[in-house]
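Asker: Quick one: structure below, then a few questions.
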Amino acid sequence: MSRTSTVTLPPTSGIHVGIIMDGNGRWAASRGLPRSAGHHAGVRTARAIVESAVRAGIGTLTLYAFSSDNWSRPTPEVNALMRLLRRSLHTESKRCLENGVRLTIVGRRDRLPAALRAAIADAEAVTARCRNLHLRVAIDYSSRDGILLAAERYAQQIARGVGPDSLTREHFGELLAEVHHDPRPVRDVDLLIRTGGEQRLSDFMLWECAYAELYFTSAMWPEFGEDELRQALRTFESRERRFGGVPAQAAS
Ligand code: IPE
Ligand code: IPE
Ligand code: MG
């Protein structure tokens, strides 16, 4: 006689968590350090949070590392960030492989330094078979630009007679994945966390966050840790997601 065991997974298992990793500069300034020290500390936090995310059973984690609007920062800061991203991808892809984390980068690639583009290709190839967690790092990312590009692609498909007559959310999701260099469309964001005290989206996953639960914390990114991630997940579990419906109690 065969027996199937039932494993109860936590409600946060397999969810998509997005994090706007904000507050590196202020964290550094409050310690009398240069902003670059904050970005270095931020990389250490990102490393620890990825490992916590694996332990928590999160399915997809998208980290906002550099927005398209961040090009407007002073050139030395931008250059330092590009170097840091390249070096971090190099070292972190090895850790990702050890932890079974698939690493992909979303955003534009054509404006990135060639060495960073090469590091991206390398990290993605090395971790392509990992299945524990899909880690997406957003670099030169603008959600609005992505939506515009996807709309443009659809118009081109229609002109060539290859697109579906009416645009569905699924098809638009595929186009969005394509323009952001995603291997495939991701599920909608379940939980969006922003550190650093600001309560705004700063052009991050506007389409995917349609029904995301939002969690804002005043902790600066370098001081965010596993405890706070767990706290955010508990808060998420306590929320009732209605997706436009009525509360569960009223429905029964
Ligand atoms: C987030 O921290 C990292 C990036 C945007 C690259 P910030 O650099 O925005 O830090 P604050 O918000 O100025 O403190
Ligand atoms: C958002 O932070 C982008 C990243 C965390 C990469 P910003 O610091 O750039 O956002 P604003 O300017 O405060 O909205
Ligand atoms: Mg900021």
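The values are calculated or read from the model by the stated rules, or taken from the named source; none is laboratory data. Please read all numbers here as calculations on a predicted model, not as lab measurements. Glycine also receives a Cβ, built like all others from the backbone with ideal geometry; neighbour counts cover every protein chain displayed. All accessible areas refer to the heavy atoms of the entire protein, side chains included, with ligands and DNA or RNA removed. Shrake-Rupley method; radii C 1.70, N 1.55, O 1.52, S 1.80 Å.
Asker: Just a yes or no: is a residue in region 157-166 over 18 Å from the mean Cα position of the chain (by Cα) and open to solvent by less than 40 Å² (accessible area, probe 1.4 Å)?
Answerer: Yes, region 157-166 contains at least one residue that is over 18 Å from the mean Cα position of the chain (by Cα) and open to solvent by less than 40 Å² (accessible area, probe 1.4 Å).
Asker: Could you grab the pairs with beta carbons closer than 9 Å, sequence gap of 6+ or different chains, first residue in region 194-206 and away from ligand 3 (no atom under 12 Å from the Cβ), second one open to solvent by 40 Å² or more (accessible area, probe 1.4 Å) and not in a loop (DSSP other than H, G, I, E, B)?
Answerer: That search, which allows pairs on different chains as well, returns Q199/L214; Q199/F216; L201/L214; D203/D69; D203/R144; D203/D145; L206/R144; L206/I147.
Asker: Okay, moving on. Would you check which residues across region 64-94 are within 18 Å of the chain's Cα centre (by Cα), away from ligand 1 (no atom under 11 Å from the Cβ) and open to solvent by 80 Å² or more (accessible area, probe 1.4 Å) and list them?
Answerer: Of everything in region 64-94, just one residue is within 18 Å of the chain's Cα centre (by Cα), away from ligand 1 (no atom under 11 Å from the Cβ) and open to solvent by 80 Å² or more (accessible area, probe 1.4 Å), namely R86.
Asker: Looking at region 59-69, is at least one residue under 15 Å from V137 (Cα atoms) and either at pLDDT below 95 or assigned to a loop (DSSP other than H, G, I, E, B) (or both)?
Answerer: The answer is yes; a qualifying residue exists.
Asker: Moving to a separate point now. From the list F172, F243, pick out the single residue that is over 16 Å from the mean Cα position of the chain (by Cα), surrounded by 15 or more Cβ atoms within 10 Å (Cβ to Cβ), aromatic (F, W, Y) and more than 16 Å from ligand 1 (Cβ to nearest atom).
Answerer: Residue meeting the stated conditions: F172.
Asker: If you don't mind, there's one more thing I want to ask. Taking the conditions exactly as written (surrounded by 20 or more Cβ atoms within 10 Å (Cβ to Cβ) and closer than 21 Å to S142 by Cβ), does F224 satisfy them or not?
Answerer: No; evaluated as a whole, the condition is false for this residue.
Asker: Is there any pair with a first residue in region 166-182 that is on the phi > 0 side of the Ramachandran plot and a second that is open to solvent by less than 80 Å² (accessible area, probe 1.4 Å) and of a type in the set (A, V, I, L, M) whose Cβ atoms are under 7 Å apart and which are 6 or more apart or on different chains, and what are they?
Answerer: Matching pairs, first to second residue: H181/I105; H181/V106.
Asker: Among the residues of region 105-115 satisfying the criterion of being surrounded by fewer than 21 Cβ atoms within 10 Å (Cβ to Cβ) and touching a strand residue (DSSP E or B) at 6+ places or on another chain (Cβ under 8 Å), which is nearest to V186 (Cα to Cα)?
Answerer: R108
Asker: Same structure again: Residue check, I49 against (1) within 27 Å of N132 (Cα to Cα); (2) surrounded by fewer than 19 Cβ atoms within 10 Å (Cβ to Cβ), all met but one. Which one?
Answerer: Just one mismatch for I49, condition (2).
Asker: Now a separate question. Output the residues belonging to region 192-218 that are near ligand 2 (Cβ under 9 Å from one of its atoms) and not β-branched (V, I, T).
Answerer: Those that are near ligand 2 (Cβ under 9 Å from one of its atoms) and not β-branched (V, I, T): R194, G196, E198, R200, L201, S202, D203, F204.
Asker: Hey, could you check region 18-36 for residues that are of a type in the set (G, A, S) and within 15 Å of ligand 3 (Cβ to nearest atom) and say which is nearest to L206 (Cα to Cα)?
Answerer: This residue is G23.
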